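Shown next, in structure tokens, is the structure this report addresses.
Each reported figure results from applying straightforward, stated rules to the coordinates on display, with no laboratory input. Note that this is a predicted model, so its numbers are computed, not measured. Here the Cβ positions follow ideal geometry from the backbone for every residue, glycine too, while neighbour counts run over all protein chains shown.
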Amino acid sequence: MFPQETILTCFISPSTYWIGGVLAATLNNIPVECAAKETAQFDTPPGQTCATYAADFLQQAPGYLLNPDATSGCMYCPYSSGNDYLSTLNIKASDKWRNFGIFFAFCISNWALVYFFVWSVRIKGWSFGFGKLFRTVGKVGGKMKGKGKKKQGESKA
């Protein structure tokens, strides 16, 4: 279980919506073919095939058996389509354009905020209450730059 702060951060991050949109656009209805090493392997009780033993499970779970007629060494692939994988990430293919829209709105709002703050500070001269702090930092920075420099006319003795 994730901490509550992590879950909140996930929904605030624009990367969540960008990646969700890209995955929903690329993996929707793509068939998945598992290799033997990517499967969950199990053995059946004697006298049963993989398909008969796992029938109830396969009705409720996504995925498929690679060897349904085998009687041992059954191989189960947990995904039959890209949508099965997307559901493990809590992404719905139908949310593709919503996710791209949220990401686009984030980009536009950031662009607008940058231009607003450049205009308000550089053109209007607003300090947003930080004027005294910035003046103090500027003075300290100016003094730090002057240290170690020789005044004109000084020489080594």
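In segment 100-120, which residues have a backbone nitrogen under 15 Å from the label point lying 7 Å from TRP126's Cα in the Cα-to-Cβ direction?
Taking a point 7 Å out along Cα→Cβ of TRP126, the residues of segment 100-120 whose backbone N falls under 15 Å are 112-120.
Distance in nm between label sites at THR26 and TRP97, each 7 Å beyond Cα in the beta-carbon direction?
The modelled label-to-label distance comes out at 2.2 nm.
If you take the beta carbon distance between VAL137 and VAL114 as r and set R0 to 25 Å, what does 1/(1 + (r/R0)^6) give as a FRET efficiency, to the nearest 0.05?
On the way: r = 22 Å, r/R0 = 0.86.
Using R0 = 25 Å, I get an efficiency of 0.70.
Quick one, can you get me the convex hull of the C-alpha atoms of segment 1-89 expressed as volume per residue in Å³? Walk me through the numbers before you get to the answer.
Working: hull volume 10.9 nm³, N = 89.
Considering the Cα atoms of segment 1-89, their hull volume per residue is 122 Å³.
Over 15 Å, how big is the tail of the calculated P(r) for segment 34-80, in percent of all Cα pairs?
Numbers: 372 of 1081 pairs.
More than 15 Å apart: 34 percent of the Cα pairs in segment 34-80.
Restricting attention to the chain, give the cysteines that have no other cysteine Cβ less than 4.7 angstrom from their Cβ.
So far as the 4.7 Å Cβ criterion goes, CYS10, CYS107 stand without a partner in the chain.
Just subtract the alpha-carbon distance of THR6 and GLN60 from 0.36 nm times their residue separation and send over the number in nm, one decimal.
Working: separation 54, 0.36 × 54 = 19.44 nm, distance 3.05 nm.
Length difference between fully extended and current span is 16.4 nm.
Filter the DSSP H helices in the chain by two things, a Kyte-Doolittle mean of at least 1.0 and an axial alpha-carbon span of 24 angstrom or more, and list the hits by number.
Values: long enough: 96-118 (34 Å, 1.06).
Long hydrophobic helices here: 96-118.
Two decimals is fine: what is log10 I(q)/I(0) at q = 0.18, 0.19 Å⁻¹ for segment 1-153, from a Debye sum with one equal scatterer on every Cα and no solvent?
So the normalised log intensities work out to -1.08, -1.12.
Could you list the chymotrypsin sites (Phe, Trp or Tyr not before Pro) in segment 92-134 that lie in coil according to DSSP, counting only those with at most 12 other Cβ atoms within 10 Å of their Cβ?
PHE128, PHE130
Sketch the reach of a paramagnetic label on SER87 as a point 7 Å from Cα along Cα-to-Cβ, and name the residues of segment 48-75 whose backbone nitrogen lies under 13 Å away.
Flagged as within label range: 58-64.
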